[in-house]
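Structure first, commentary second.
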Amino acid sequence: MQTIFGLFDNHEAVKAVYEDLLQEGINPRDIEVLRRTNTSELNQLKSSVDDPDIDFYLESVDKGGTLVTVDTSENKAQRVAEILISHGMIDVDTHAETLRAQGSNVQLRNYNEQDQVITGVNETSRVAPGNNDQVLQVVEESLAVGKREVERGRVRIYNRITERAVEENIGLRDETINVERRPVNRELRGDELNTAFQERSFEMTEVDEEAIVAKTVRVVEEVVISKDVADRVETIRDTVRRSDVQVEEISSQNPSTNRQYTDYDTDFRSYYDRELSGGGMSYDQYNPAFRYGYQLAEHYPGRNWSDVEAEAHRMWEERNPGTWERFHSIIRHSYERVNAK
């Protein structure tokens, strides 16, 4: 894999570069757009990329520029560099002189003037001068596999105190003593006459009821957080490269055999008219799913759908959560149609 760097000062140009790279079949996971706000990504780039020019790119981003990095295969590196250049990528030598004029100490690699350099590619290809000989080196890669811990997710639980208004009806009794005087004209006789002038008194108590409020606290639920740990064996499959030198006659015409996304437009529209037009969504609304299937086919040429479905599902859900069931049949049709070329 090669990493290609492109520095821009225009946000619209970066958007256009991103779209053209997707059209070219570059996996979105291999494209990084780094701005001054992406502090962690910039630090990671500085620690992981062994390139003498990296300080220049980081300082340019810090001053407002946007850095586009693309990881791509060797056979697509030149095409990716052409896309970056076509959208106004900043000339690094001129920009470095501007930074130095502003007081910066940034330096770029000192390329020999006779060296031939692929613009924009950080794994630079040169032709060494001298004695009228042109020398190509035979280089072979080896694979080293290790492991590291990667945080995939984190769960935090906490309790929150909330209040809510409650009300309840209760019946209360109020007593009221009434004193009433009423005129009487009646003659006393018998026992009433004997006790008429004795002192007597009566007492009556007035009682009211009032509400009493008491609250109790009860545990109604417990939330327990734990994690399960499982060991698994993962098979690492990769390719290692070896460069060999061969001589072949170069024809004056070398037409590309790769078909562009637009070449499948008629087929995709026919599938939409046949299977999807009654679903209430337009062709343009389904277009991202058709395009995603096309990109998968370009990334996994010749592979059966069953081999790539799990990975395709995971990558789609990362960008479009909860929509795989709605679009997976469209993605599969697009993938199998492109791989049938």
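Taken together, the values in this text are just the output of simple stated rules run on the coordinates, not laboratory data. Given the structure is predicted, the values throughout are model-derived calculations rather than measurements. Cβ atoms come from the backbone with ideal geometry, glycine included; neighbour counts cover every protein chain shown.
Data table
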| read-out | value |
| --- | --- |
| Cβ crowding within 10 Å averaged over residues, with 184-195, 220-231, 24-35 ranked highest first | 24-35, 184-195, 220-231 |
| Sequence-distant aspartates and glutamates (8 or more away, or on other chains) whose Cα lies within less than 17 Å of Lys227 | Glu149, Glu151 |
| Two-site label geometry, Asp9 and Leu143: point separation in nm, points 7 Å out along Cα→Cβ | 4.5 nm |
| Segment Ile170-Glu336, extension gain: residue separation times 0.36 nm, minus the distance between their alpha carbons | 52.5 nm |
| Shape of the stretch 258-341, Cα gyration tensor, a/c cut at 1.5 | oblate |
| Unsatisfied cross-links (Cα-Cα over 30 Å) in the set Lys63/Lys147; Lys15/Lys76; Lys15/Lys63 | Lys63/Lys147 |
| Computed lengthening from Asp307 to Asp208, 0.36 nm per intervening residue step minus Cα-Cα distance | 27.4 nm |
